[in-house]
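Written out below as structure tokens is the structure these notes cover.
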Amino acid sequence: MKISPAWILFFRRWRIKPAAWLITHGHEDHIGALPYMYSEFEAPIYTTEFTAELIKEKFRGLGLPQPEIKIWQVWEKTVFRHASVTPFPVNHSIPDACGLFFETRHGNLLHTGDFRVDRSAPEGSVTLDNLARITAGKKTLLMTSDSTNVFVAGRDMEERRIAESLNGLFSTTQGRVVVATFASNIWRVKSIFDAARANGRRVLLLGKSLVRNYEISRRLGVIGDVDDGFVVTADELKMVPPNELCIICTGTQGEMFSGANRLAFGSAENIRLDGNDLVILSARAIPGNEKSISVLINQFWRLGCQVLTGKNADVHVSGHGYAEDLKDSIALVKPQLFMPLHGEFRNLVQHLRVAQDAGVRPENCFLVENGDVLTIAPEALGVTDRWESGRDYVGSERVIPGSSDVLRNRVMLARNGIIEISLLADSGLSRLLGEPKLQVRGVYVTPERVRKVVEASFREVVRAQRKSHLTEENLSEELRIAVRRELESDVGYKAVISVFVHRL
């Protein structure tokens with residue numbers, strides 16, 4: 001039986017039939033679930049050109065037919081049945097990011113999308129200027145805004161400052177310069193290109209997603225003119241001296257098999273780093289990845305490389321606005337109601353405080369978590385309902401709800417391992433006939449130890465149950481409990497144990 005994820009049940013419960021999917025930008029947390037959602041509720045996808053190309057690649061990679069995509073231009077209004085929507089550009093770490101301005105008969109809603117504020121932005125416009133333009137002469141009933149960096153004080157740096165820092169580092173490095181960054185951060189790739197070009201270096205792109213995104217951005221004219229021969233292939237490396245080479249790669253989070261990992265552990269073709277080389281991790285550490293990143297950095301140090309990160313050099317700027325940027329945006333829009341998005345619970349609480357400092361009345365600030373239903377019109381009522389929410393997981397066969405027994409069992413098997421025991425007993429279930437047959441998988445214990453525990457446990461269970469009527473089923477269960485209890489002291493946890501008793 002197929003178990004539907006919570007969001008599908010929500011759509012069906014409220015008989016929601018989407019008129020469109022509106023996508024603000026092409027980061028994985030915004031388009032990763034789209035193929036699965038689109039297959040359940042097919043509707044046109046509205047987005048900008050660069051994002052559309054990433055969505056097409058996503059569907060193609062899953063072997064799905066291409067979806068219906070409508071390319072919208074920023075500042076051009078699209079009219080639906082109950083609302084009109086106008087996309088407007090915002091600064092972010094990926095091209096063609098936008099916010100959305102909804103106009104309805106009950107009032108206007110402004111959704112910032114993920115954004116930062118860069119006053120000399122490579123996009124050619126500034127988020128705050130665009131917020132002023134989209135709301136000019138119009139009242140905003142509700143503003144929803146990105147909370148990712150609300151705890152970072154001050155205002156974000158400009159990408160131009162990173163480009164200047166990279167240029168200085170490129171000019172003083174005797175060997176290769178390796179820059180690891182997110183494949184989607186095309187503005188960072190452009191800054192690296194500019195620094196490499198200014199210092200007589202050619203560029204090698206290491207990572208499939210990086211190459212794909214570069215090709216898309218070049219085809220769309222996002223990254224600017226790139227001279228023939230500036231980007232080299234792996235086969236051309238032997239002709240490029242180390243002091244004339246820049247390597248851009250993926251793997252800032254220490255991902256296995258990424259470009260940075262291959263360079264660090266010597267599995268990248270035709271490249272062996274040494275003490276003359278500089279490695280730059282131009283990305284922030286995503287919480288939970290600290291250990292893998294530390295392993296990566298230590299390995300580069302073992303090779304003799306100098307390693308720089310955003311903690312000790314100006315080599316990264318965030319794609320999300322800092323606290324003062326968020327306050328500036330709220331004060332500029334002057335919404336009647338405010339709801340923070342994109343952050344953990346503490347981020348949302350802190351963003352509400354920022355909104356109040358920016359002039360929003362406390363009673364008009366709504367703390368809304370995943371699954372909450374917020375009612376704001378025709379009058380503002382706050383959270384009026386709650387729906388089950390959580391993570392869904394993509395298996396090889398289908399989307400698996402995070403609350404399902406299937407997922408829990410698979411996680412338990414992965415963490416604890418499994419021991420399968422098959423026994424043949426006499427007709428009275430009082431004596432074993434031959435040695436137990438075992439399969440021990442993922443449990444740090446020898447088969448000999450398991451066999452001794454099974455035989456001893458069999459004798460104990462039969463002795464304890466001598467006056468009761470034993471069946472294959474209850475003997476199997478009593479043995480499973482006894483064997484798991486005994487082996488727990490050996491392995492330190494409760495392994496998954498299955499016992500099958502067969503009567504002769």
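Among beta bridges identified by DSSP and lying wholly in the chain, the antiparallel ones come to about 40 percent.
Charging the Cβ of each Asp and Glu at -1 and of each Lys and Arg at +1, and nothing else, the dipole of the chain about its Cα centre rounds to 1120 debye. With everything on Cα atoms, drop me the angle between helix 208-219 and the longest principal axis of the chain, reported from 0 to 90° to the nearest 10. Between helix and principal axis, roughly 20 degrees.
Using every pair of separate Cα atoms, the Kirkwood estimate puts the hydrodynamic radius of the range 302-459 at 22.6 angstrom. Dividing the mean sequence gap of close Cα pairs (under 8 Å, 6+ apart) by how many residues the range 219-280 holds gives a relative contact order of 20 percent.
Its Kirkwood hydrodynamic radius, worked out from the mean inverse distance over all distinct Cα pairs, puts the range 193-312 at 15.2 Å.
Residues with beta-carbon under 11 Å from that of Leu326, excluding Leu326: net charge, scoring Lys, Arg +1 and Asp, Glu -1? Neighbour charge sum, excluding Leu326 itself: -2.
Counted by Cβ distance under 13 Å from Trp21, the other residues give a net charge of 0, where Lys and Arg count +1 and Asp and Glu count -1. The modelled label-to-label distance for the pair Glu236/Asn416, using points 7 Å beyond Cα in the direction of Cβ, is 5.6 nm.
Tell me, what are the semi-axes, in whole angstrom and largest first, of the equivalent ellipsoid of the range 339-417 as set by the roots of 5 times the Cα gyration tensor eigenvalues?
Values for the range 339-417, descending: 36, 16, 9 Å.
Surface calculation, 1.4 Å probe, protein heavy atoms: Met157 sits at approximately 40 Å² accessible.
Counting only lysines at least 8 places from Lys334 when in the same chain, those with an alpha carbon closer than 20 Å to its own are Lys138, Lys139.
Probing with 1.4 Å while keeping every protein chain in the model, the per residue accessible area of the chain equals 52 Å².
Between amide H atoms placed 1.01 Å from N, distances below 5 Å from Phe500 occur with Ile421, Ser422, Leu423, all of them 5 or more places distant or on a separate chain. Against the chain, whose longest principal axis comes from its Cα atoms, helix 186-198 is set at around 60 degrees. Based on the Kirkwood radius over alpha-carbon pairs, what value in µm²/s does the Stokes-Einstein equation return for the translational diffusion coefficient of the range 25-151 at 37 °C and 0.692 mPa s? Roughly 210 µm²/s, to the nearest whole number.
Averaging sequence separations of C-alpha pairs under 8 Å and six or more residues apart, then dividing by the length of the chain, give the relative contact order as a whole percent. Show your work: numbers first, answer last.
Working: 913 pairs, mean separation 61.2, N = 504.
In percent, rounded to a whole number, it is 12.
Using the alpha-carbon atoms, what tilt in degrees (0 to 90, nearest 10) does helix 345-357 show relative to the longest principal axis of the chain? Taking the Cα atoms of the chain, the angle to 345-357 is about 30 degrees.
In whole percent, how big is the carbon plus sulfur part of the accessible area of the range 1-74, probe 1.4 Å, protein atoms only?
Numbers: 2160 of 4070 Å².
Roughly 53 percent of what the probe reaches on the range 1-74 is carbon or sulfur.
Provide the FRET efficiency to the nearest 0.05 for the Arg212-Glu455 pair, computing r from the beta carbons and using R0 = 45 Å. Plugging the Cβ-Cβ distance into 1/(1 + (r/R0)^6) gives 0.20. In this simple spin-label approximation, Ser171 and Arg431 carry label points 7 Å from Cα along the Cα→Cβ vector, and these lie 9.2 nm apart. Modelled label positions at Ile16 and Ile286, each set 7 Å beyond Cα in the direction of Cβ, lie 2.4 nm from each other.
Pairs from the table (Lys238/Lys311; Lys452/Lys494; Lys58/Lys190) lying more than 27 angstrom apart at Cα are Lys238/Lys311. Using the Cβ of Arg119 as centre and a radius below 12 Å, the other residues enclosed give a net charge of -4, where K and R count +1 and D and E count -1.
The heavy atoms of His111 offer some 40 square angstrom of accessible surface to a 1.4 angstrom probe.
Over the chain, DSSP H runs of length four or greater, each weighted -39,500 (n - 2.57), average out per residue to a 222 nm ellipticity of -10500 deg cm²/dmol. Across the protein chains, with a 1.4 Å probe defining accessible surface, the residues Met256, Met412 rank Met256, Met412 from largest area downward. Relative contact order for the range 246-361: 20 percent, from Cα pairs under 8 Å spaced at least 6 residues apart, divided by residue count.
What do you reckon, how do Asp314, Asp146, Asp235 stack up by accessible area (1.4 Å probe), largest on top? Please report the intermediate quantities before stating the final value.
Details: Asp314 55, Asp146 0, Asp235 125 Å².
So the residues, ranked largest to smallest area, are Asp235, Asp314, Asp146.
With a Cα-only, solvent-free Debye model of the chain, what are the log10 I(q)/I(0) values at q = 0.07, 0.09, 0.12 Å⁻¹? Summing over Cα pairs of the chain leads to -0.54, -0.80, -1.13.
The values are calculated or read from the model by the stated rules, or taken from the named source; none is laboratory data. Quick caveat, the model's predicted, so the values are computed rather than measured. So basically every Cβ, Gly included, is an ideal-geometry build from the backbone, and we count neighbours across all protein chains shown. The accessibility values were calculated without ligands, DNA or RNA, using every heavy atom of the protein model including side chains. Shrake-Rupley method; radii C 1.70, N 1.55, O 1.52, S 1.80 Å.
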